[in-house]
Amino acid sequence: MISAVMVALLVTMVLALLRAFLGPDRYNRILAINMFGTKTVLFVAVAGFLFGRPDFLDIGILYALVNFVATIAVLRLSHYEELVSGRSGGAGE
Amino acid sequence: MTAQLPALQVAIPLACAPLCVLFRVRFVPWLLFVVAAVGSLVCAALLAGRVASEGTVRYAMGDWRAPAGIEFVVSAFNTPVLLLVSLAATVTAGYARRSVAAEIEPRRRRLLYACLCLTLAGLLGLAVTGDVFNAFVFLEISSLATYTMIAMGQHRRALLAAFRYVVIGTVGAVFVLIGIGLAYAVTGTLNMADLAERLAEGHDNRALQAAVVFVFVGLAVKMAVFPLHAWLPGAYAEAPSVVSTFIAATGTKVAVYVFCRFAFTVFGAALVFGVLRIDRIGLALAALAMLVGSAAACFQQDLRYLLAWSSVAQIGYILAGVSLATASGVSAAYLHLINHAVTKAALFAAAGLLVMQLGSVRLSALAGLGRRMPWTFAAIVVAGLGLVGVPPTAGFVSKWALVTALVERGMWPVLVAMLASSLLALVYVGRIIEVVWFREPPASAELEPTQSPATPASMVAAIWFLVLLTVYFGIDPTFPGGLADAAASALLGSGGE
Amino acid sequence: MIVVDVMSGVLLGAGALFALSGGAGLLRFPDFYTRIHAAGVTDTAGAGLILLGLMLQVSSWETGVRLLIILLFLAMTSPTAAHVLAHAARRDGVPVWREGDERR
Amino acid sequence: MMTFVLTNVTLLVILIATAIAISRMRALYEATMLGALFSLVTASLFVLLDAVDVAFTEAAVGVGISTVLLLGVLALTRSREAVTPRRRHLPALIAVLLAGGALGYASQDLPAFGAADSPVFSHPITGTYLHQSQEDIGIPNTVTAVLASYRGLDTLGELVVVFTAGLAVLSLVGPPARPEETMPRADFHLADYRIIRIISGILMPFILLFALYVLFHGEYGPGGGFQAGVIFAAGFVLYGLVFGLDKAQRVVPRVALRILVSLGPLVFIGLGLATMLLGGQFLDFDVLDPNHPEEGQHLGILLVETAIGFTVAAVMTTVFFSFASRGVSR
């Protein structure tokens, strides 16, 4: 069962990645990357179980934390930049 | 306490750096740099004495025996480098007080002194360490501090030069790291002596060959060998005068030493020069560097850019000596390394003094100033003749040694390039002399004598100390010559260490 | 013990399904707001179920505590991030999709 | 085994796809975010390689602090990459191909992945690190033993590198502005959002607690000074982002930062000099407790990790505050 969960997580990661590549705007990317991050947390937790290394879970905690800080930082700082250069949001590729 | 000297050599300047940042009193950071420089000079001198009497000195960091821990090795091949770097730092320290006060805004001064201490510590550590990864760490420290100092230059161009150096230098450092990683994968050790033992055979291992190439390409960036020299002119010319004086004397020179150390005592001459034929590439690049560097120097309009391009050529001379891989060649390279460091430091220091008094060292701005500032320009002329290699300057001695070494191996094309480059050097030094002594000062830009600030005695003393050292080494080359010969035989003689 | 294993298996399976549906929704939904719905709701549920499923199988309390911390962490940060994201997008004027609009 | 291979291959494909996407992207915010994603995947690969400490560092540094700092830089500059002239592509391409070719050439003779008879495994120091360290130093996490004691000098060097980087930012961007110099921005105040303010308030103590745990648990599990310092900094950065720079500076005053930045290297070097005065070699922690060398090692490692943690946290926070106050003051 745990292997199945792992596969499901990997597939979800790929799906999120596709959204991150496709965009089309900044918010979609942030959303996709945030989701990718949560999936990585789960992935590490599951991997720790699958390979019998529970100390991986410390890394899981760290990911969860850092992912949140990074998301807030993107939101906050990307907004600054918009003010400086005066462009409207969501400049995609 | 003498047993602790190798560690103190690096620990003193390293400890001074954070202290510089901590203290806000005006002269304390400078004083700390003086302490760092003089302290390391004392350590270097004592170590040189010990090496001369007892042979190689080893120091186990943390008391962990060599392959497990990091060891410092002081031997005949690195005492000249230690002496050179700490001497350059000491002279720079004397020069720095007035120069920094004139060029750097107060807020940044203690940061500059901290970076000087860090660069000093990094270069000394690079010279003294016996561990390849530790060498990388010290390379990073010195490079990072150097980038920072260059960015403190007076013009905005300094930022661009520093940025350029950061990008190129980081790629070089990464190459060194990749090479070290590959060598580790092949041997399982990072200790230089242990590596040499394990690399004595198996020269057809492709990972090992790639390791050699990566390390040397990375070091070539740090040495500013010809096609990878693009960072050097801007970095030397735009940096604050103290910084260009110090790094022109030490930066590339220590990189050359590390190159020798890797080539002869880690990978082994048999692999580097026998199997991979790095010597041919080295000689070809050296010849190109001599020609391109000197030719480019002839076309520069700014004294400091001229000097920087001449450094590119001089690195060519040193590389040629190393690439010969003979005792006389390596000895000549070491000798030229020492002599050129002293000469170029004197020139950059003099240029810094001019910048301080005139605001610019464009050749057009220097026209006809020879009679107004006879001492400064006399120093430039004597040191400039040292660059050309006119007797009785030190440049002549080392170039002669190099010529002898080249003739020994019959490397005529390189010899021709070297002579051509020396002629070009005569052209660019002649150009300075012509502008300064024989051209009329432009009427419009005439400075009133009262306008230029008084000449600080400490700076002049530092410049003339270096100039006189150049002349002294030219007349009596026994001291640097002895060091260079001992270094060459230590590198080539006892294979492993 | 079998009961616990079965429960854990069910929780893990459900969590995997939630995660997958969240991924599919993120890719297939027509605009940003619907996607944030897919991601936010299924993400939290998927993570929670998977972590609960794992927690039923733990052998030592240390592992259990760590899983609990991760669970609490995600339960707090994930909705917050989604909320702030939606709010910022709204302020920035990212348009809302209506029936019949083009997909974005 | 099947799952293991499948997982690795999938992650590798994701990694390559991300790298290509980053290199093709001109919008730099998006590129930075994908860079964070790249780090996440790399860290996951490190986890699968069982290099837990490396994964920890990669996650803390690559995903957390470097993303935040890059974003801070982008807020000060333009966020769209200029078009590189075509003539510059060719030399770059040649250089990349040469380097890649050399690596490919080298990989033919590298020992097989995980081979038990590879030089790294058969070299005696690997045995020393893995077994002898339990007697010499006696801490379960060998990585920490190597990092803080066997190769303590390298760690000192790396700490000095971090310190130098801090100096570089201070000299280029200037110190963080004083609280009274910053003007609060009227617009996007996250602090106005009750939810994020409360959540961040709840999280802050846990983040700092977790950082302390990582700092002092480094002898037993993954972690140590560098990672803990970065987590501390992430906490302060989060605080600054949500509550504004002025409030954050009240929590971590400029003076404290300035002292902490230099304190780490000083303590580390001072420790080395102290061991010399006690009659040992530089950084020989045995002499700290002559009767129980193992205890001395523990003490030394703890001091070293703490020194690292404080300085890394101070440098990262200073760097971020400097960037941020460039955007706010003026």
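Tally the residues that are under 22 Å from C:V94 (Cα atoms) and among the hydroxyl-bearing types (S, T, Y), restricting the search to region C:1-33.
Total meeting the criteria: 1.
Would you check if there is a residue in region D:277-286 being over 21 Å from B:C117 (Cα atoms), modelled with pLDDT under 90, in contact with a helix residue (DSSP H, G or I) (Cβ under 8 Å, 6 or more places away or on another chain) and more than 14 Å from chain B (Cβ to nearest Cβ)?
Within region D:277-286, none of the residues are over 21 Å from B:C117 (Cα atoms), modelled with pLDDT under 90, in contact with a helix residue (DSSP H, G or I) (Cβ under 8 Å, 6 or more places away or on another chain) and more than 14 Å from chain B (Cβ to nearest Cβ).
If I go through region B:27-67 residue by residue, how many of them are without any contact (Cβ under 8 Å) to a residue 60 or more places away in the chain and not hydrophobic (A, V, I, L, M, F, W, C)?
Adding up the residues that qualify gives 10.
Name the residue, out of B:F246, B:F273, that is within 20 Å of B:A487 (Cβ to Cβ) and in contact (Cβ under 8 Å) with a residue 40 or more places away in the chain.
On inspection, the qualifying residue turns out to be B:F273.
A quick yes/no check of all residues on (1) modelled with pLDDT of 90 or more; (2) within 13 Å of another protein chain (Cβ to nearest Cβ); (3) within 21 Å of the chain's Cα centre (by Cα):
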position: B:N205; (1), (2), (3): no, yes, no
position: B:F216; (1), (2), (3): yes, yes, yes
position: B:V221; (1), (2), (3): yes, yes, yes
position: B:P227; (1), (2), (3): no, yes, yes
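Could you check region B:165-177 and list, in sequence order, the residues that are crowded, with 17+ Cβ neighbours inside 10 Å and touching a residue at least 40 places away in the same chain (Cβ under 8 Å)?
B:Y165, B:I168, B:G169, B:G172, B:A173, B:F175, B:V176, B:L177
Residues are listed down the side, and each one gets a yes or a no for (1) of a type in the set (K, R); (2) within 25 Å of B:M459 (Cβ to Cβ); (3) in contact (Cβ under 8 Å) with a residue 24 or more places away in the chain; (4) surrounded by 20 or more Cβ atoms within 10 Å (Cβ to Cβ):
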{"position": "B:L366", "(1), (2), (3), (4)": "no, yes, yes, yes"}
{"position": "B:R371", "(1), (2), (3), (4)": "yes, yes, yes, no"}
{"position": "B:L385", "(1), (2), (3), (4)": "no, yes, yes, yes"}
{"position": "B:V429", "(1), (2), (3), (4)": "no, yes, yes, yes"}
{"position": "B:I432", "(1), (2), (3), (4)": "no, yes, yes, yes"}
{"position": "B:V435", "(1), (2), (3), (4)": "no, yes, yes, no"}
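Out of the helices (runs of 4 or more DSSP H) lying entirely within region B:123-240, which hold 2 or more residues that are of a type in the set (S, T, Y)?
So the answer is B:132-151, B:157-187.
Among residues belonging to region D:30-63 that are acidic (D, E) and in contact with a helix residue (DSSP H, G or I) (Cβ under 8 Å, 6 or more places away or on another chain), point out the one that is surrounded by the most Cβ atoms within 10 Å (Cβ to Cβ).
Here the residue is D:E30.
Mind listing just one residue for me: the one in region D:215-243 that is within 13 Å of chain C (Cβ to nearest Cβ) and without any contact (Cβ under 8 Å) to a residue 40 or more places away in the chain and, of those, surrounded by the fewest Cβ atoms within 10 Å (Cβ to Cβ)?
Within region D:215-243, the match that is surrounded by the fewest Cβ atoms within 10 Å (Cβ to Cβ) is D:H217.
Only one of B:L5, B:L84 is crowded, with 23+ Cβ neighbours inside 10 Å and outside any loop (DSSP other than H, G, I, E, B). Can you tell me which?
Answer to the check: B:L84.
Given (1) modelled with pLDDT under 85; (2) within 13 Å of chain B (Cβ to nearest Cβ), where does D:L257 come up short, assuming only one miss?
In the conditions (1) modelled with pLDDT under 85; (2) within 13 Å of chain B (Cβ to nearest Cβ), D:L257 misses (1) alone.
Under 6 Å between Cβ atoms, which residue pairs at least 6 apart in sequence (or on different chains) link something in region C:61-90 that is within 9 Å of chain A (Cβ to nearest Cβ) with a partner that is among the charged types (D, E, K, R)?
Taking only residues 6 or more apart or on different chains, the pairs are C:S78/C:D43.
Determine whether B:L190 is facing chain D (nearest Cβ under 10 Å), surrounded by 21 or more Cβ atoms within 10 Å (Cβ to Cβ) and within 27 Å of B:G39 (Cα to Cα).
Criteria not met by B:L190.
Pick out the one residue from B:A127, B:A101, B:A114 that is at pLDDT below 95, closer than 25 Å to D:L172 by Cβ and surrounded by 21 or more Cβ atoms within 10 Å (Cβ to Cβ).
That would be B:A114, the only listed residue that is at pLDDT below 95, closer than 25 Å to D:L172 by Cβ and surrounded by 21 or more Cβ atoms within 10 Å (Cβ to Cβ).
Kindly establish whether D:T84 is modelled with pLDDT of 90 or more, more than 10 Å from chain A (Cβ to nearest Cβ) and either surrounded by fewer than 20 Cβ atoms within 10 Å (Cβ to Cβ) or part of a loop (DSSP other than H, G, I, E, B) (or both).
no
Run B:F348 past the list (1) in contact with a Ser or Thr (Cβ under 9 Å, 6 or more places away or on another chain); (2) surrounded by fewer than 24 Cβ atoms within 10 Å (Cβ to Cβ) and report the number of the one that doesn't hold.
If we test B:F348 against (1) in contact with a Ser or Thr (Cβ under 9 Å, 6 or more places away or on another chain); (2) surrounded by fewer than 24 Cβ atoms within 10 Å (Cβ to Cβ), just (2) comes out false.
Identify all residues within region A:15-38 that are more than 7 Å from every other protein chain (Cβ to nearest Cβ) and either among the hydroxyl-bearing types (S, T, Y) or in a helix (DSSP H, G or I) (or both); write none if there are none.
A:L22, the sole residue that qualifies.
From D:S66, D:S44, grab the single residue that is more than 8 Å from chain A (Cβ to nearest Cβ) and among the hydroxyl-bearing types (S, T, Y).
The match here is D:S66.
Can you tell me how many residues in region B:91-121 are more than 8 Å from every other protein chain (Cβ to nearest Cβ) and either within 17 Å of B:V74 (Cα to Cα) or touching a helix residue (DSSP H, G or I) at 6+ places or on another chain (Cβ under 7 Å) (or both)?
Matching residues across region B:91-121 total 20.
Which helices (runs of 4 or more DSSP H) does region D:93-173 wholly contain that include 3 or more residues that are under 26 Å from the mean Cα position of the chain (by Cα)?
Fully inside region D:93-173 and qualifying: D:142-145, D:152-173.
Are any of the residues in region C:24-32 closer than 22 Å to A:G48 by Cβ and more than 8 Å from every other protein chain (Cβ to nearest Cβ)?
no
The values are calculated or read from the model by the stated rules, or taken from the named source; none is laboratory data. Being a predicted model, the structure only gives us computed values, none of them experimental. Note: ideal-geometry Cβ built from the backbone for every residue, glycine included; neighbour counts use all protein chains shown.
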